[in-house]
Amino acid sequence: MLFIRNLGFCEPTPARRISFLESLVFERIHEQSYRAFGYELIDIPAGDLAHRVAAVSSTIA
């Protein structure tokens, strides 16, 4: 399973009302939960869109 890392910021919107620090906790909880259920996570690190797309493409190729 691809695990897309945060970009280092979180823009608040009417639908997204958590802070950046809360988003890091959210990310950590999801990562721990997926691992607890036996998923092998493939890390897609923060970076610009082109690098992320390349990382995903090379993973699924």
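Computed from the coordinates by the stated procedures, all read-outs in this text should not be read as laboratory data. All values reported here derive from a predicted model rather than from experimental measurement. Don't worry about glycine lacking a Cβ; one is built from the backbone with ideal geometry, like all the others, and counts go over all protein chains shown.
Summary table
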quantity: Unmet criterion (only one of (1) more than 29 Å from Ala61 (Cβ to Cβ); (2) touching a Pro at 6+ places or on another chain (Cβ under 9 Å)) for Arg5; calculated: (1)
quantity: Residue among Ile4, Ile29, Ile44 that is among the hydrophobic types (A, V, I, L, M, F, W, C) and out of contact with any strand residue (DSSP E or B) (no Cβ under 8 Å at 6 or more places or on another chain); calculated: Ile29
quantity: All positions within region 10-61 that are of a type in the set (Asp, Glu) and either in a helix (DSSP H, G or I) or touching an Asp or Glu at 6+ places or on another chain (Cβ under 8 Å) (or both); calculated: Glu22, Glu27, Glu31
quantity: Close pairs from region 34-61: first in contact (Cβ under 8 Å) with a residue 24 or more places away in the chain and surrounded by 12 or more Cβ atoms within 10 Å (Cβ to Cβ), partner assigned to a helix (DSSP H, G or I) and not aromatic (Phe, Trp, Tyr), Cβ under 6 Å, at least 6 apart; calculated: Ile42/Thr59; Ile44/Arg52; Ile44/Ala55
quantity: Region 1-33, subset among the hydrophobic types (A, V, I, L, M, F, W, C) and either under 19 Å from Val53 (Cβ atoms) or touching a residue at least 24 places away in the same chain (Cβ under 8 Å) (or both), residue surrounded by the fewest Cβ atoms within 10 Å (Cβ to Cβ); calculated: Met1
